[in-house]
Amino acid sequence: MSMVLTPMGLRFAGRVWPCSIGKGGIRADKREGDGATPMGAHRIVGTLYRPDRVAPPAPWAQPILPGDLWSDAEGDVDYNHAVRAPYAHSHERMRRADPLYDIVLLTDWNWPDAVPGRGSAIFLHQWRRPGYPTEGCIAFRRDHLRAIAALAVPGTPLIVRG
């Protein structure tokens with residue numbers, strides 16, 4: 001069962017889920033900081049959740065703990081990987097004050113062998129509101145994201161077409 005991003009939303013599990021994409025559109029030449037959602041054939045490689053806010057959305061989901069970060073430091077060996085605080089390089093906090101990362105599906109975009117500058121932290125996560133663009137991720141309504149996370153398994157294909 002594949003996920004396919006279409007102009008109408010994400011086609012998955014027999015339905016189309018409304019979603020938001022990156023403010024930079026869909027790009028084949030994704031670069032760090034361009035706000036684009038990367039075009040191509042990807043896979044879901046993990047699911048994370050905030051155990052202080054939500055129940056695990058799937059049996060294989062891992063908790064987001066205090067100090068969990070994601071490196072977006074192009075020059076560091078840990079670029080586009082999960083890291084722990086303290087971490088002196090540029091990073092994104094996985095335990096956010098807002099609910100956007102209460103549930104996160106990780107993709108294999110530029111991972112595990114990250115190429116510096118090709119983009120980092122391309123996730124499926126909760127949207128701010130309908131139509132509000134992301135920094136390159138694919139974002140959903142909270143209840144839809146929970147349902148998608150419950151249906152997805154490690155290795156689920158994610159196809160992003162331009």
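Quick check on region 3-23: of everything there that is more than 20 Å from residue 132 (Cα to Cα) and of a type in the set (Gly, Ala, Ser), which residue is most open to solvent (accessible area, probe 1.4 Å)?
My answer is 14.
On the basis of being open to solvent by 30 Å² or more (accessible area, probe 1.4 Å), among the β-branched types (Val, Ile, Thr) and on the phi < 0 side of the Ramachandran plot, does residue 26 make the cut? Step through it out loud before you land on a result.
Numbers: open to solvent by 30 Å² or more (accessible area, probe 1.4 Å): yes; among the β-branched types (Val, Ile, Thr): yes; on the phi < 0 side of the Ramachandran plot: yes.
So residue 26 fits the description; yes.
Tell me the residue from 65, 10 that is within 15 Å of the chain's Cα centre (by Cα) and over 18 Å from residue 115 (Cβ atoms), please. Write out each step before concluding.
Numbers: 65 fails: within 15 Å of the chain's Cα centre (by Cα).
Just one listed residue meets the conditions, 10.
Between 105, 65, 100, 124, which is open to solvent by less than 20 Å² (accessible area, probe 1.4 Å) and free of Cβ contacts under 8 Å to residues at least 40 places away in the same chain?
None of the others qualify; the one that does is 100.
Does any residue of region 69-77 turn out to be closer than 24 Å to residue 152 by Cα, out of contact with any Lys or Arg (no Cβ under 9 Å at 6 or more places or on another chain) and of a type in the set (A, V, I, L, M)?
Start the filter on region 69-77 by keeping residues that are closer than 24 Å to residue 152 by Cα, which leaves 69-70.
Okay, now just the ones that are also out of contact with any Lys or Arg (no Cβ under 9 Å at 6 or more places or on another chain), so none.
No, region 69-77 has no match at all.
Among all residue pairs at least 6 apart or on different chains, which show Cβ distances below 6 Å where the first residue, located in region 72-84, is more than 17 Å from residue 106 (Cα to Cα) and open to solvent by 20 Å² or more (accessible area, probe 1.4 Å) and the second is assigned to a loop (DSSP other than H, G, I, E, B) and not small (Gly, Ala, Ser)?
Listed pairs, sorted by first residue: 74/32; 74/116; 76/89.
So how many residues does region 85-97 have that are closer than 27 Å to residue 19 by Cβ and open to solvent by 10 Å² or more (accessible area, probe 1.4 Å)?
Applying the first criterion (closer than 27 Å to residue 19 by Cβ) to region 85-97 yields 90-97.
When the remaining residues are screened for being open to solvent by 10 Å² or more (accessible area, probe 1.4 Å), the result is 90-93, 95-97.
Result for region 85-97: 7.
Across region 1-57, which residue is nearest to residue 144 (Cα to Cα) among those that are in contact (Cβ under 8 Å) with a residue 60 or more places away in the chain and of a type in the set (D, E, K, R)?
Checking each candidate, the answer is 43.
Pull up region 127-162, narrow it to residues that are over 20 Å from residue 38 (Cβ atoms) and hydrophobic (A, V, I, L, M, F, W, C), then point me to the one that is surrounded by the fewest Cβ atoms within 10 Å (Cβ to Cβ). Before the answer, list the steps.
Kept after step one, since they are over 20 Å from residue 38 (Cβ atoms), are these residues of region 127-162: 128-131, 141-144, 146-147, 149-151, 153.
Filter once more, keeping what is hydrophobic (A, V, I, L, M, F, W, C): 147, 149-151, 153.
On the way: 147: 17, 149: 23, 150: 15, 151: 15, 153: 11.
The selected residue is 153.
The values are calculated or read from the model by the stated rules, or taken from the named source; none is laboratory data. Because the structure is predicted, anything quoted here is derived from the model rather than measured. Virtual Cβ from ideal backbone geometry, glycine too; neighbours counted across all protein chains shown. For the accessible areas, the whole protein counts, side chains as well, though only heavy atoms, and no ligand, DNA or RNA atoms are used. Shrake-Rupley method; radii C 1.70, N 1.55, O 1.52, S 1.80 Å.
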